[in-house]
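Engineer: Sharing a structure with you now.
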Amino acid sequence: MDHFRNPRNVGVIENPDGVGEVGSLACGDALRLMFKLGPDGRIADVKFQTFGCASAIASSSALTEMIKGMTVEEAGKVTNQDIAEFLGGLPEQKMHCSVMGREALDAAIDNYRSGKTEKKILAGKVVCNCFGVTEEEITRVVRENGLSTVEQVTNYTKAGGGCGKCKPDIEKILEKARAERLEAERKAGAKTAPRKLTVIEKIRLIEQTIEREIRPLLKRDGGDIELIDVEGNRVKVALRGMCAGCQVAQFTLKDVVEVKLREFVSSDLTVEEVRE
Amino acid sequence: MKTIYLDNNATSAVAPEVIEAMMPFFRDQWGNPSSMHVFGGQVKKPIDKAREQVAALIHADPSEIIFTSCGTESDNAAIRGAAEALGPRYNVITTRVEHPAVLGPCRYLGERGHRLHEIGVDAAGQLDMVQLGEALRDGPAISSVMWANNETGVIFPIAEIAAMVKAADGVMHTDAVQAVGKLPIDVRKIPVDMLSLSGHKLHAPKGIGVLYVRKGTRLQPFMLGGHQEDNRRAGTENVPYIVGLGRAAELALESITKEMTTVAALRDRLEAGLLATCPDSRVNGDRVNRLPNTLNISFEYIEGESILYMMSDVGIAASSGSACTSGSLEPSHVLRAMGVPFTAVHGSVRFSLSRYTTQEEIDYTCNHLPPIISRLRAISPFVKK
């Protein structure tokens, strides 16, 4: 709260080395950040102007205090989480304020490196039209903060907080990030030498794979799946919703469920359908 | 530090007389009015009296007063109850500036087979009567149009609107939660079929509301499972709160002239003071047809939540239509419907007074607000140099 009531480094710098502007009046918050380097190549002075709520002002103020004395490279590594931590945490719905701080800093650094003075043009596909948030931005925030739900994405980037039409698109980005994370986990796992799974580990991994990899695919066609039992390497499942009694259920079982489970859990698994 | 409460459209202080009236019904007379014994008998009369007191405030017959748990319940009971009684053949007409308690059920019905018309407003927040006329020609309809707006205080020409709806053989409900107690209301003169009011907006506690239902109005009860309120609203009567609301209604009737004159004069003093000392500020909504206690003012280039925090530091409580204060990321749907520019919506602050507001408090506010506004503008990147 102190950074809101007594914000540090408010104002403008004459002839700054880097300027970054993000947000707009329509969005409800905006930030202009500028810095000047000292002879030692470190950030000697930094100023900001903010239009926004208390958290936005506090985040901006905190950011300026944090990067003072850093090199541009060091400043480039500051994440929105660092800003939130500096402030002693931000409420979940206000995380987008810290993201805005990091974006403005990135923009200022880009501006310093390229020497271009024009406002950074939004890169990539715009997902949320209400607040002008791109796929690139959402993907980055999801990755950096380990987000898993659309609601979290809205809290962190505002995307999906307007008309809500883009929520399915955000869901897709989350799915992609989830797959990447799983892949990375798998690779990390592979590096540390394949080890025989305990029964509990195996069941957990099967559940996790069904949850993250298989269910979303089936749900797209109105179906669902339930794990009934695991006996040795035989995985027993029941198909639900549209999948139950579907003509191509056997195909789904072998080519989707079994393939995924073999990929992510263990290559010697077989899948059987349980009919009730 | 002294605190100044200028957020009476959100909720209002419970009047000391109301608390006094309620206490015996917690302490001694805690019986269930449905009981045959003495405990039940002694609380029946006080409920009848409260019903008369509320009826008197809006000039209704006591039999037309149904006690509910809140304004939102009244709105739901009216709109969904009428839709259920009349069937999907009836369209639903409402406005784009209603409280969510009305918009919610109307849109719910819109998703379930009723054709929904949402009537727009002009830049002053006044209803588009041409569009309303067109919607009424689209077939029989249940119309729900607010008496006065909670955010801007704009008063709709409810007599004219109700007459149009009745001429088209429709059902007319009005959410009068903000109007009751601040304006004289007479349902004998204005042909509304149903009217919602809420206790905590007129110095009774939260948890009590009323739905006025004109005799002969077809309505399917919302709450089932009891004979209370003449089979129109099941559930054991909330005796202390009903008694409290009755007393609050009586006080409101006595103070209506004060609301219309003293409170209005204080509001005008606040408005003039702020407009004179804060450049780039504007009043939102019709300044003539407006609740006597409400002022919605936009301070350009700065954001409402920041203003509220700084006001709160000097002890002033108000509210804002900015996105950051709405709990969602969308700024006020009311100001957006009026076409107020984003710049002004985010910097909007609503001051709502009550009969307990003093001139000293208004002068304090007039003195303390300008420094806050200029301090925040000094931080803002949008202020024109």
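Engineer: It is to be established whether one or more residues within region B:191-209 are of a type outside the set (F, W, Y), within 30 Å of B:N289 (Cβ to Cβ), touching a Lys or Arg at 6+ places or on another chain (Cβ under 6 Å) and surrounded by fewer than 21 Cβ atoms within 10 Å (Cβ to Cβ).
Structural biologist: Yes: one or more hits.
Engineer: Let me ask something additional. Would you tally the residues in region B:343-375 being part of a helix (DSSP H, G or I) and among the hydroxyl-bearing types (S, T, Y)?
Structural biologist: 4
Engineer: In region A:198-264, which helices (runs of 4 or more DSSP H) lie fully inside it and hold 1 or more residues that are at pLDDT 85 or above and on the phi < 0 side of the Ramachandran plot?
Structural biologist: Per the criteria, A:199-209, A:215-220, A:259-264.
Engineer: May I pose another question? Here are some residues: A:E175, A:E180, A:E144, A:E137. Which one is closer than 27 Å to B:P331 by Cβ and within 14 Å of the chain's Cα centre (by Cα)?
Structural biologist: A:E137
Engineer: Those residues that are more than 13 Å from A:A58 (Cα to Cα) and in contact with an Asp or Glu (Cβ under 8 Å, 6 or more places away or on another chain), I need them from region A:81-100; list them, please.
Structural biologist: A:Q81
Engineer: Under 8 Å by Cβ, and 6 or more places apart or on different chains, what pairs join a residue from region B:167-193 that is on the phi > 0 side of the Ramachandran plot with one that is among the basic types (K, R)?
Structural biologist: Filtered contacts from region B:167-193: B:G181/B:K201.
Engineer: Does any residue of region A:101-111 turn out to be within 11 Å of another protein chain (Cβ to nearest Cβ), touching a Pro at 6+ places or on another chain (Cβ under 9 Å) and not in a loop (DSSP other than H, G, I, E, B)?
Structural biologist: No, the conditions are met nowhere in region A:101-111.
Engineer: Go through the residues of region B:337-347 one by one and say whether even a single one is over 22 Å from A:Q49 (Cα atoms), modelled with pLDDT of 95 or more and not hydrophobic (A, V, I, L, M, F, W, C).
Structural biologist: Checking region B:337-347: not a single residue is over 22 Å from A:Q49 (Cα atoms), modelled with pLDDT of 95 or more and not hydrophobic (A, V, I, L, M, F, W, C).
Engineer: Residue check, A:E21 against (1) modelled with pLDDT of 90 or more; (2) outside any helix (DSSP H, G or I); (3) surrounded by fewer than 22 Cβ atoms within 10 Å (Cβ to Cβ), all met but one. Which one?
Structural biologist: Here A:E21 meets the rest and fails (1).
Engineer: So, one more: On the given criteria, is B:R375 within 14 Å of another protein chain (Cβ to nearest Cβ) and not hydrophobic (A, V, I, L, M, F, W, C)?
Structural biologist: Criteria met by B:R375.
Engineer: Check whether at least one residue in region B:315-323 is out of contact with any Ser or Thr (no Cβ under 8 Å at 6 or more places or on another chain) and assigned to a helix (DSSP H, G or I), and report yes or no.
Structural biologist: yes
Engineer: Looking only at region B:139-150, count every residue that is in contact with a strand residue (DSSP E or B) (Cβ under 6 Å, 6 or more places away or on another chain) and either under 18 Å from B:G339 (Cα atoms) or free of Cβ contacts under 8 Å to residues at least 60 places away in the same chain (or both) and tell me the total.
Structural biologist: 6
Engineer: Taking only region A:46-61 into account, find how many residues are assigned to a strand (DSSP E or B) and more than 7 Å from chain B (Cβ to nearest Cβ).
Structural biologist: Adding up the residues that qualify gives 3.
Engineer: I'm checking my understanding of the structure. Among residues of region A:65-89 that are over 17 Å from the mean Cα position of the chain (by Cα) and not in a helix (DSSP H, G or I), which one is farthest from A:I138 (Cα to Cα)?
Structural biologist: Residue satisfying both the conditions and the ranking: A:G69.
Engineer: For region B:110-127, state whether one or more residues are out of contact with any helix residue (DSSP H, G or I) (no Cβ under 8 Å at 6 or more places or on another chain) and within 23 Å of B:L202 (Cβ to Cβ).
Structural biologist: no
Engineer: Still on this structure, I have one more. Exactly one condition in (1) within 25 Å of the chain's Cα centre (by Cα); (2) closer than 21 Å to B:S348 by Cα; (3) at pLDDT 90 or above is not met by A:A26; state its number.
Structural biologist: Among (1) within 25 Å of the chain's Cα centre (by Cα); (2) closer than 21 Å to B:S348 by Cα; (3) at pLDDT 90 or above, A:A26 violates only (3).
Engineer: Condition first: touching a residue at least 60 places away in the same chain (Cβ under 8 Å), within 14 Å of chain B (Cβ to nearest Cβ) and out of contact with any strand residue (DSSP E or B) (no Cβ under 6 Å at 6 or more places or on another chain). Can you find one or more residues in region A:66-89 that meet it?
Structural biologist: Checked against the condition, which is being touching a residue at least 60 places away in the same chain (Cβ under 8 Å), within 14 Å of chain B (Cβ to nearest Cβ) and out of contact with any strand residue (DSSP E or B) (no Cβ under 6 Å at 6 or more places or on another chain), region A:66-89 yields no hits at all.
Engineer: Of (1) closer than 21 Å to B:A344 by Cα; (2) at pLDDT 95 or above, B:S306 satisfies all except one. Which?
Structural biologist: So the condition that B:S306 fails would be (2).
Engineer: In region B:337-385, which residues are more than 21 Å from B:Y309 (Cβ to Cβ) and of a type in the set (D, E, K, R)?
Structural biologist: B:R355, B:E360, B:D363, B:K384, B:K385, listed by residue number.
Engineer: Right, another one. Is one or more of the residues making up region A:1-10 away from chain B (no Cβ under 12 Å), free of Cβ contacts under 8 Å to residues at least 40 places away in the same chain, basic (K, R) and surrounded by fewer than 24 Cβ atoms within 10 Å (Cβ to Cβ)?
Structural biologist: No, there is no match, as no residue in region A:1-10 is away from chain B (no Cβ under 12 Å), free of Cβ contacts under 8 Å to residues at least 40 places away in the same chain, basic (K, R) and surrounded by fewer than 24 Cβ atoms within 10 Å (Cβ to Cβ).
Engineer: Given the conditions (1) away from chain A (no Cβ under 14 Å); (2) closer than 30 Å to B:A179 by Cβ, which single one is not true for B:N367?
Structural biologist: Result: B:N367 fails condition (2) only.
Engineer: Next up: Checking B:E160 against (1) over 16 Å from B:S332 (Cα atoms); (2) surrounded by 14 or more Cβ atoms within 10 Å (Cβ to Cβ); (3) under 21 Å from the mean Cα position of the chain (by Cα), which single condition isn't satisfied?
Structural biologist: So the condition that B:E160 fails would be (2).
Engineer: Please indicate, with yes or no, whether at least one residue in region A:56-63 is within 22 Å of B:T343 (Cα to Cα), polar (S, T, N, Q) and in contact with a Gly (Cβ under 7 Å, 6 or more places away or on another chain).
Structural biologist: Checked against the condition, which is being within 22 Å of B:T343 (Cα to Cα), polar (S, T, N, Q) and in contact with a Gly (Cβ under 7 Å, 6 or more places away or on another chain), region A:56-63 yields at least one hit.
Engineer: Could you run through region B:53-75 and say how many residues are in a helix (DSSP H, G or I), buried (at least 22 other Cβ atoms within 10 Å of the Cβ) and aliphatic (A, V, I, L, M)?
Structural biologist: 3
Engineer: A further question on this structure: For region A:27-35, indicate whether the set of residues that are of a type in the set (D, E), more than 12 Å from chain B (Cβ to nearest Cβ) and not in a loop (DSSP other than H, G, I, E, B) is non-empty.
Structural biologist: No: zero hits.
Engineer: Hey, another quick one. Name, by its number, the condition in (1) charged (D, E, K, R); (2) in contact with a Pro (Cβ under 8 Å, 6 or more places away or on another chain); (3) surrounded by fewer than 22 Cβ atoms within 10 Å (Cβ to Cβ) that does not hold for B:K45.
Structural biologist: Result: B:K45 fails condition (2) only.
Engineer: Here is a further query. Of the residues B:P205, B:P157, only one is in contact (Cβ under 8 Å) with a residue 40 or more places away in the chain and touching a strand residue (DSSP E or B) at 6+ places or on another chain (Cβ under 9 Å); which?
Structural biologist: Criteria check complete, one pass: B:P157.
The values are calculated or read from the model by the stated rules, or taken from the named source; none is laboratory data. Note that the coordinates shown come from a computational prediction; the quantities given were computed from them, not determined experimentally. A quick note on method: Cβ atoms are made from the backbone with ideal geometry, for glycine too, and the neighbour counts reach across all protein chains shown.
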